[in-house]
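Shown next, in structure tokens, is the structure this report addresses.
Readers should treat all values here as calculations from the given coordinates under stated rules, not as data from a laboratory. Quantities reported herein were computed from a predicted structural model and do not represent experimental measurements. Cβ sites come from the backbone with ideal geometry, for glycine too, and all protein chains shown count toward neighbours.
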């Protein structure tokens, strides 16, 4: 089992859950997802955000700002 799954945290999040975690609006998170900035998968008709992809997105933001 991966580290994230072992913690009991969900591996996939709804866009609304991801938006809440990021403290961003739902529309902005959809834009980031559809633009490929945040990793997501489609399960049936639902678009779900991959938790690890969300963490990578935040890490990239931090790295980009540190490089400035």
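Values as computed for the structure displayed
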{"item": "Only listed residue being within 8 Å of the chain's Cα centre (by Cα) and on the phi < 0 side of the Ramachandran plot, chosen from 39, 65, 31", "result": "39"}
{"item": "Failed criterion for residue 36 (all others in (1) out of contact with any helix residue (DSSP H, G or I) (no Cβ under 6 Å at 6 or more places or on another chain); (2) in a loop (DSSP other than H, G, I, E, B); (3) surrounded by 12 or more Cβ atoms within 10 Å (Cβ to Cβ) hold)", "result": "(3)"}
{"item": "Within segment 39-56, tally of residues that are assigned to a helix (DSSP H, G or I) and touching a helix residue (DSSP H, G or I) at 6+ places or on another chain (Cβ under 7 Å)", "result": "3"}
{"item": "Of all residues making up segment 7-33, the number that are under 15 Å from residue 56 (Cα atoms) and not in a helix (DSSP H, G or I)", "result": "3"}
